[in-house]
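Asks: One structure, pasted below without further comment.
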Amino acid sequence: MSETKAKKYFDLAKKWLAKAATSSDVELLKETLRYHEWKYYVENDPVLSDYEYDQLYNQLKTIEEADPQLITPDSPTQRVASDFTQDLDPVKHLVPMLSLDNSYNDEDLKKFDEQIKKLTGETGDIEYCVEPKFDGGSIAVVYEDDQLVRAATRGNGAQGEEMTLNAKTLPSLPLNAPFSSLGIKTAEIRGEGVIRKDIFAKLNEARALEGKTLFANPRNSATGGLRMKDPNETRARGIEVFAFQLGYAVAEDGTDMLQMINRHSQQIALLGELGFKIPSDKEVVCKNIDEVITLIKQWEADRENYPYEIDGVVVKVNRRALQEICGSTQHHPRWAIAFKFKAKQATTTLVDVEYQIGKIGSITPVAKVLPVHLAGVTVSSISLHNEEFITSKDLRIGDQVVIERAGDVIPYIVKSLADLRTGDEEPIVFPKECPSCSTELVKEDEMQAAWRCINPECPAQILQRIIFHVSKAAMDIDGFGRANVERFAELGWLRDISDVYDLDYETIAGLDGFGQKSADKLQSSIEKAKQNPISKLLHSLSIHHLGKKASKLIAEHIDHVLDLANWSEEDFLSIKDIGPVVARNVSAYFAEAANVEMLQRMESLGVNLTQTEEDRPIAVADNAPLRDKTILFTGSLQKMTRGEAKKKAEAAGAKAISAVSGNLNILVVGEKAGSKLKKAEAIGTVEIWTEDQFLEILGEL
Ligand code: IVH
């Protein structure tokens, strides 16, 4: 596609997004939509966000509705998008897989509700079922005599691509489901294959290590994963399938069994009972549209905390009888609507790149972009991770870039829009020297992605180490945030970590914006931190590769932190679970006289360097009640927090794990336990305890 065409359709889109197109624009608008569809479906390289595309699509629909003569067979409104490739066999769905109409605000939802009332003649409240709108790839799975016999992608809605072998690798899809117990011979369930955000992050971490290009978001890797040629590759993606509809269910004698299920919420519950993964902790029945609107607001606010990527919710008329009256258009059911959350993608200009120096000297390039709104926040800085990231995305200063917040709250650059370049863009030149101390940057080995400054005296690094030292994750000094560290360092009060414990609180009280009260508060937080266990102190020193867990393991084996000055690498390696990298780095740290002196100074200022009770390993007695058991807590506990419960369990010899599997021995269920309980029950070997039973076994009840 030529450069001019790309620019033309980008500019037109932006123009109409600012001021809606009119009927005289109709042909050009269709062309523009077709171009952007092609970028999305064929090139897999969208220029517009989904939200922007939908807005243009709706403009076309409005124009066509006002003057139906403008509708042509090739209008983007006249077809359902397809995701075909050449390689998988086409199959026809038992009933077409429709898509959903979209809504974006309260008003749209109220209109939808009015429309339902009009269609059904109902005058009272309409009951709705609200579900997450999963952002992945949809599939249809056919069961014949309880056996999974065929699975297909959605394709164009009428026909999909067969991917039965791939589907069979997905652990969340039962290979056999007891439909016959309900009198159903043939069934087709519809669901969405998605990748949990944390699994997605791990997938990308692994790819980064192997030097592969990273997936842009969980959706792409899920849709791609469903259509792999090699089923093993599908399995490796960690895709889970959420069932959201029983599309077809027929008895031996041809009776339509869907008729027997009066409500959509019952249908979903039934699918859960049959062994499918359902959004049990999210799917909710609302009495009327006002309840729906309130609920959606809560979900949108809580969106980042949900373990799966969701781009909105789906509102469905709950009563089947009413669904039937409403019926469907060619494209979507009239009884359901998707509510799209605010856009998580935007385009902006990359204006500059700055280089941040981390606490162990890693240099992170950070893009400065023109401030842009993205899913409720203004973004102006975005991490570019490392040099390789910049090169692989071919980013240049002055580029238009697509940015996204997906998977987590951190925004990132998806790509630059090379088609829109004017020629004035400039390459990004990664520095050869540390921007703070001018030491030549190095890569310790080929596998490392980051360039590092290895000067231990580098002022920028020291500052970062102090910021980390006082942070919640390390010594947890309340009231001593980044801003105060920077301010005190500028005043020359913080040259290294030990200076934190030698501050002059009287002078601090006299600083602008401080006063006696805040100075006293800071002093008492620092005094408290001096008593921290040495495992915390070790972790707070920013020793390369020394994390929380390894710090704890080392602390268990020493009486005093400075004992480590006499340890060899072999001594560290003799601790179970300490590897050569940690051994090398920690022993190098303590071989440095300056570090030992700094710790001695800290001790003389009152910082605890001696092993305390908290550092000692929990001795598990042979007769500990939960010795060698694995345990998991689910639902909301009433008598203790999750953290407390885990600690109690560990003290009683159990190992707390995070997922239900065949390895789980005990599941403790609090209130509103959801899918974990169902799964554990399905496994059959998991002991299911109430909170009281748990406390009773520990002798605490
Ligand atoms: S119901 C007849 N429910 O959204 C009803 N769809 O734009 C059609 N999707 O192709 C679908 N979560 O892949 C439904 N809870 C949910 C959904 C959902 C995600 C996807 C599905 C569908 C697309 C429609």
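Readers should treat all values here as calculations from the given coordinates under stated rules, not as data from a laboratory. The shown structure was predicted, so the numbers you read here are calculated from the model rather than taken from an experiment. Positions of Cβ are backbone-derived with ideal geometry, glycine not excepted, and every protein chain shown enters the neighbour counts.
Asks: Using a Förster distance of 60 angstrom, determine the FRET efficiency expected from the C-beta separation of Ser524 and Val442, and round it to 0.05.
Replies: Efficiency, rounded to the nearest 0.05: 0.90.
Asks: Shifting gears a bit: What full-extension length gain, to one decimal in nm, is calculated for Thr255 and Arg207 as 0.36 nm per residue of separation minus the Cα-Cα distance?
Replies: 12.3 nm
Asks: Give a residue-ordered list of calculated ³J(HN,Hα) values for the range 160-166 (Karplus: 6.51 cos²θ - 1.76 cosθ + 1.60, θ = phi - 60°; whole Hz; x for Gly, Pro).
Replies: My calculation for the range 160-166 gives x, 10, 6, 9, 4, 5, 4 Hz in order.
Asks: For the range 308-334 and the range 496-556, compute the distance between their C-alpha centroids and round to whole Å.
Replies: 56
Asks: What FRET efficiency do you get for Leu573 and Asp198 if R0 is 30 Å and r is their Cβ-Cβ distance, rounded to the nearest 0.05?
Replies: Computed FRET efficiency for Leu573 and Asp198 comes out at 0.45.
Asks: Still on this model: Any chance you could run the full-extension gain for Glu31 through Gln531? It's 0.36 nm times the residue separation minus the Cα-Cα distance, nm to one decimal.
Replies: Gain on stretching Glu31 to Gln531: 173.1 nm.
Asks: Counting other Cβ atoms within 10 Å of each Cβ, which GluC sites (Glu not before Pro) in the range 222-272 have at most 15 and sit in a DSSP loop?
Replies: Glu252
Asks: Could you give the length gained by full extension between Ala621 and Ser172, i.e. 0.36 nm per residue of separation minus their alpha carbon distance, to one decimal place?
Replies: 157.8 nm
Asks: What residues have an amide H closer than 5 Å to that of Ala474, excluding those fewer than 5 places away on the same chain, when H is modeled at 1.01 Å from N in the peptide plane?
Replies: Long-range HN contacts for Ala474: none found.
Asks: Across the range 486-627, how many lysine pairs, 8 or more positions apart or on different chains, have C-alpha atoms separated by under 14 Å? Please give the number.
Replies: Close lysine pairs found across the range 486-627: 6.
Asks: Shape of the range 211-322 from its Cα gyration tensor (a ≥ b ≥ c, root eigenvalues): rounded if a/c is under 1.5, otherwise prolate when a/b > b/c, or oblate?
Replies: oblate
Asks: Between their Cα atoms, which of Lys19/Lys39; Lys92/Lys168; Lys202/Lys368; Lys629/Lys676 are more than 25 Å away from each other?
Replies: Lys202/Lys368
Asks: Could you work out how far apart the two model spin labels at Arg235 and Thr294 are, taking each label as a point 7 Å from the Cα in the direction of the beta carbon, and quote it in nm?
Replies: 4.8
Asks: Can you tell which of Thr294, Ile261, Ile657 lies farthest toward the positive end of the dipole of the chain, using +1 and -1 charges on the Cβ of basic and acidic side chains (Lys, Arg; Asp, Glu)?
Replies: Of Thr294, Ile261, Ile657, it is Ile261.
Asks: Compute the acute angle (0 to 90°) between the alpha-carbon long axis of helix 459-470 and the principal axis of greatest extent of the alpha-carbon atoms of the chain; round to the nearest 10°.
Replies: With rounding to tens, the tilt is 80 degrees.
Asks: Next question. Long-range amide H contacts for Ile688: which residues qualify at under 5 Å (H placed 1.01 Å from N, peptide plane, sequence gap of 5 or more or a different chain)?
Replies: Leu667
Asks: Taking the Cβ-Cβ separation of Lys548 and Ser23 as r and a Förster radius of 51 Å, what is the calculated FRET efficiency to the nearest 0.05?
Replies: Computed FRET efficiency for Lys548 and Ser23 comes out at 0.20.
Asks: With a 10 Å radius around each residue's Cβ, average the other Cβ atoms per peptide and rank 353-366, 217-230, highest first.
Replies: 217-230, 353-366
Asks: Could you give each residue of the range 133-142 its phi-based ³J(HN,Hα) in whole Hz, using Karplus coefficients 6.51, -1.76, 1.60 with θ = phi - 60°, and x for Gly or Pro?
Replies: Values, residue by residue: 9, 6, 9, x, x, 8, 9, 10, 10, 9 Hz.
Asks: Please compute the modelled spin-label separation between Ile683 and Glu486, points set 7 Å along Cα→Cβ, answer in nm with one decimal.
Replies: Result: 4.7 nm between the two label points.
Asks: Arrange the peptides 253-261, 458-466 so that the one whose residues have, on average, the most other Cβ atoms within 10 Å appears first.
Replies: 458-466, 253-261
Asks: What value, in deg cm²/dmol to 500, does the helix sum -39500 (n - 2.57) over DSSP H runs of n ≥ 4 give at 222 nm once divided by the residues of the chain?
Replies: Calculated at 222 nm, the ellipticity per residue is -10000 deg cm²/dmol.
Asks: In terms of modelled amide H atoms, which long-range or inter-chain residues lie less than 5 Å from the amide H of Ser328?
Replies: Under 5 Å from the amide H of Ser328 lie the amide H atoms of Arg334, each far enough along the sequence or on another chain.
Asks: Quick one: putting +1 on the C-beta of Lys and Arg, -1 on the C-beta of Asp and Glu, what dipole do you get for the chain around its Cα centre, in Debye to the nearest 20?
Replies: With Lys and Arg at +1 and Asp and Glu at -1, about 920 debye.
Asks: Turning to a different aspect of this structure: At 7 Å along Cα-to-Cβ for each site, give me the label-to-label distance between Ala651 and Glu144 in nm.
Replies: Going by the 7 Å Cα→Cβ label model, 5.9 nm.
Asks: Where the centroid of each part is defined by its Cα atoms, how far is the range 353-381 from the range 581-654 in Å?
Replies: With the range 353-381 and the range 581-654 each reduced to a Cα centre, they are spaced 34 Å.
Asks: Using only the alpha-carbon atoms, how far is helix 50-66 inclined from the longest principal axis of the chain? Give it as 0 to 90 degrees, nearest 10.
Replies: With rounding to tens, the tilt is 20 degrees.
Asks: Residue by residue through the range 635-649, which ³J(HN,Hα) values in whole Hz follow from phi under the Karplus form 6.51 cos²θ - 1.76 cosθ + 1.60 (θ = phi - 60°), with glycine and proline marked x?
Replies: Calculated HN-Hα couplings, in order: x, 8, 7, 9, 9, 7, 7, 4, x, 5, 4, 4, 4, 4, 5 Hz.
Asks: Roughly how tilted is helix 515-530, in degrees to the nearest 10 and between 0 and 90, from the longest Cα axis of the chain?
Replies: Value to nearest ten degrees: 80.
Asks: Moving to a separate point now. Roughly how big is the range 300-408's charge dipole about its Cα centre, with Cβ charges of +1 (Lys, Arg) and -1 (Asp, Glu), in debye to the nearest 20?
Replies: 620
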